[in-house]
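Just so it is clear, none of the values below were taken in a lab; they were calculated from the coordinates. Because the structure is a prediction, the values reported are computed rather than measured. Here the Cβ is made from the backbone with ideal geometry for all residues, glycine too, and neighbour counts use every protein chain on show.
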């Protein structure tokens with residue numbers, strides 16, 4: 001039976017893979033989440049690590065690292081000036097900033113809260 005850590009890492013990795021591929025074909029996912037090719041490449045890299053952590057690893061380090069990266073991106077996305085830079089480089093808009101915050105909090109919640 002797979003652990004919660006591994007399952008979460010695998011599911012997040014698969015979702016990131018889907019978003020990464022989808023981002024090569026559009027500038028917006030679901031009409032609100034801005035994407036671009038550079039962001040898609042980063043999503044695919046994170047996806048590869050997540051899929052690996054969910055199948056071969058234990059998932060904990062992935063959940064912790066991805067959680068902190070997402071939280072930091074979210075905090076940066078709320079800082080005036082920095083959010084403009086993120087929008088220009090990675091097409092990270094406010095909706096994605098909020099999504100990064102949610103993913104970060106949930107990932108860290110899984111990492112710190114689930115003891116198996």
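Between the Cα long axis of helix 4-22 and the first principal axis of the chain there is an angle of about 30°, rounded to the nearest 10. Anisotropy class assigned to the range 21-89 is oblate, per the alpha carbon gyration tensor with a/c at or over the 1.5 cut-off and a/b no larger than b/c. Site pair residue 64 and residue 79 shows an inter-label distance of 2.4 nm when each label is modelled 7 Å from Cα along Cα→Cβ. Per-residue ellipticity at 222 nm, computed for the chain from helices alone with -39500 (n - 2.57) per DSSP H run of at least four residues, works out to -24500 deg cm²/dmol. Here the Gaussian network model covers the chain, with springs between Cα atoms less than 10 Å apart; of 64, 39, 88, 88 fluctuates the most. A full extension of the chain between residue 114 and residue 88 corresponds to an added length of 5.7 nm, given 0.36 nm per residue minus the alpha carbon distance. Computed over the range 4-110, relative contact order equals 32 percent, with contacts defined as Cα pairs under 8 Å that lie 6+ residues apart.
Computed on the Cα atoms alone, the convex hull of the chain gives a volume of 85 cubic angstrom per residue.
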